[in-house]
1. Among the residues in region 50-57, are any loosely packed, with under 13 Cβ neighbours inside 10 Å, touching a residue at least 24 places away in the same chain (Cβ under 8 Å) and either over 13 Å from the mean Cα position of the chain (by Cα) or farther than 24 Å from Ser78 by Cα (or both)?
2. State yes or no: is Tyr36 at pLDDT below 95, surrounded by fewer than 20 Cβ atoms within 10 Å (Cβ to Cβ) and hydroxyl-bearing (Ser, Thr, Tyr)?
3. Pull up region 75-98, narrow it to residues that are in a helix (DSSP H, G or I) and within 13 Å of the chain's Cα centre (by Cα), then point me to the one that is surrounded by the most Cβ atoms within 10 Å (Cβ to Cβ).
4. Of everything in region 22-41, what is closer than 19 Å to Val81 by Cα and in contact (Cβ under 8 Å) with a residue 24 or more places away in the chain? Give them in sequence order.
5. Which pairs turn up if I take residues in region 3-21 that are closer than 18 Å to Val85 by Cβ and free of Cβ contacts under 8 Å to residues at least 12 places away in the same chain and look for partners that are of a type outside the set (Val, Ile, Thr) and part of a strand (DSSP E or B) with beta carbon separation below 9 Å, at least 6 apart in sequence or on another chain?
Amino acid sequence: MEGLLIQEIGDYTIVEFYDSSLMDPTQLDPLGKRLYRLIDEEDRRKIVLDFGRVQYISSQFIGILLAMNKKLSELPRSRLVLCNVGPRLAELLKITRLDKILTIKPTQSEATRD
């Protein structure tokens, strides 16, 4: 999938997004499937989503985040962490109260610290 870099760092799977906008439904369907596959098929339990380049997300992408969080919360020794969330995105997460549900860390290195 384009627009995505997935790499392993220790126990963590780091997902970096290349696009500044995660709003296009035609891109989000395959993106969601790829992210779910990390959990469902590849049994990745510790996932960090790096939003360093992302400024906009849609309600559909929020649904993907919540679904990933739910899947991981049902597995032992698992976690979903968001990092490098910019001010615009941080404000959206605060308005939607997702900052209370999701774990958000300032940097990738802090996100991968147990």
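The values are calculated or read from the model by the stated rules, or taken from the named source; none is laboratory data. Bear in mind the structure is a predicted one, so any value in this text is a computation, not a measurement. As a convention, Cβ positions derive from the backbone with ideal geometry for all residues, glycine included, and neighbour counts pool all protein chains shown.
1. no
2. Values: at pLDDT below 95: no; surrounded by fewer than 20 Cβ atoms within 10 Å (Cβ to Cβ): yes; hydroxyl-bearing (Ser, Thr, Tyr): yes.
So Tyr36 fails the test.
3. Just the residues of region 75-98 that are in a helix (DSSP H, G or I), to begin with: 87-95, 98.
Filter once more, so that each one left must be within 13 Å of the chain's Cα centre (by Cα): 89, 93, 98.
On the way: Leu89: 18, Leu93: 21, Leu98: 17.
Of everything passing the filter in region 75-98, Leu93 is surrounded by the most Cβ atoms within 10 Å (Cβ to Cβ).
4. Leu22, Leu31, Gly32, Arg34, Leu35, Tyr36, Leu38, Ile39, Asp40
5. none
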